[in-house]
Amino acid sequence: MKYEEEIGKILLHKGLKISTTESCTGGLLSSKLTDISGSSAYITLNLVTYANEAKHNILGVKESTLENFGAVSKECAYEMAEGLYKLTNSDICVSTTGIAGPTGGSPDKPVGLMFSTIYTKDKAQTFKIVMSSQTPRIKMKELFANEVLKNIYEFIK
C-alpha cells in the first residue's frame, strides 16, 4: 500500500485539507504527498522550517521551548503543528523534527530520533519515532517520511 495515495483518497472523500511543516525530513514528506496527481485539491501549504529561527518566526514555536526542550522534542513538534494550523487553518497539520545524522545527536537525543505531531482543531497526537543510528541519512529521511505517512493514514482513516 502506498500511504500517500490512500491519504489522498481519504482527504478528497472527506473534503479535508492538509499542510506540513518539516525539519529533519527536509520536504520529503511534502514531496511524497504531492507526487499524487490531483493533490492540489487537498494540500494547502507545505513548509521546510529547518532552522530554529524559522520554527520561531514562521510557526511561533516559543523561544523558551527551543531553549528548554530543543528543536528535537515532542514539545517543539507540537508547537510546530499548532503554529501551522494557526497559519493555514488546514484541517490536518503535520510536523516533523528529528536527527537524521550521521552527525549530531547525544545520549538522550540520538541520531535516528524524530518527533511528529498530527494536529487538528479537535485533537492532536505526537509520535516518537526511533530508527537505528547506523541508518544512512538519505535512508533515514525516507524511513521517517514513510512512518509519518503511515501515522497520518491511521489518524484519518
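The values are calculated or read from the model by the stated rules, or taken from the named source; none is laboratory data. As the structure is a prediction and not an experimental result, all values here were calculated from the model. Positions of Cβ are backbone-derived with ideal geometry, glycine not excepted, and every protein chain shown enters the neighbour counts.
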Study note, to complete from the structure: Scanning region 141-154 for residues that are free of Cβ contacts under 8 Å to residues at least 60 places away in the same chain and crowded, with 16+ Cβ neighbours inside 10 Å, the one nearest to residue 15 (Cα to Cα) turns out to be 151
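Conditions (1) at pLDDT below 95; (2) at negative phi; (3) in contact with a strand residue (DSSP E or B) (Cβ under 9 Å, 6 or more places away or on another chain), marked per residue:
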position: 73; (1), (2), (3): no, yes, yes
position: 76; (1), (2), (3): no, yes, yes
position: 83; (1), (2), (3): no, yes, yes
position: 101; (1), (2), (3): yes, no, no
position: 125; (1), (2), (3): no, yes, yes
position: 140; (1), (2), (3): no, yes, yes
position: 147; (1), (2), (3): no, yes, yes
position: 150; (1), (2), (3): no, yes, no
position: 156; (1), (2), (3): no, yes, yes
Practice item. Just need a number here: residues in region 48-62 that are part of a helix (DSSP H, G or I) and either under 12 Å from the mean Cα position of the chain (by Cα) or small (Gly, Ala, Ser) (or both). Key: 1
Exercise for review: Inspect region 26-47 for any residue being within 24 Å of residue 137 (Cα to Cα), hydroxyl-bearing (Ser, Thr, Tyr) and not in a helix (DSSP H, G or I) and give the result as yes or no.
Suggested key: no
Exercise for review: Would you check if residue 33 is in contact with a strand residue (DSSP E or B) (Cβ under 8 Å, 6 or more places away or on another chain), within 14 Å of residue 145 (Cα to Cα) and aliphatic (A, V, I, L, M)?
Suggested key: yes
Practice item. For region 91-137, name all the residues that are among the small types (Gly, Ala, Ser), buried (at least 21 other Cβ atoms within 10 Å of the Cβ) and either under 13 Å from the mean Cα position of the chain (by Cα) or closer than 13 Å to residue 18 by Cβ (or both). Key: 95, 98, 116
Exercise for review: Working carefully through the options 9, 2, find the one that is among the charged types (D, E, K, R) and over 26 Å from residue 138 (Cα atoms).
Suggested key: 9
Revision key, fill the gap. Residue hits (region 49-90; more than 19 Å from residue 125 (Cα to Cα), of a type in the set (Val, Ile, Thr) and crowded, with 18+ Cβ neighbours inside 10 Å) are 49
Check your understanding: Mind checking which pairs have a first residue in region 77-99 that is touching a residue at least 40 places away in the same chain (Cβ under 8 Å) and part of a helix (DSSP H, G or I) and a second that is among the basic types (Lys, Arg) and surrounded by 20 or more Cβ atoms within 10 Å (Cβ to Cβ), Cβ under 7 Å, 6 or more apart or different chains?
Key -> 80/55
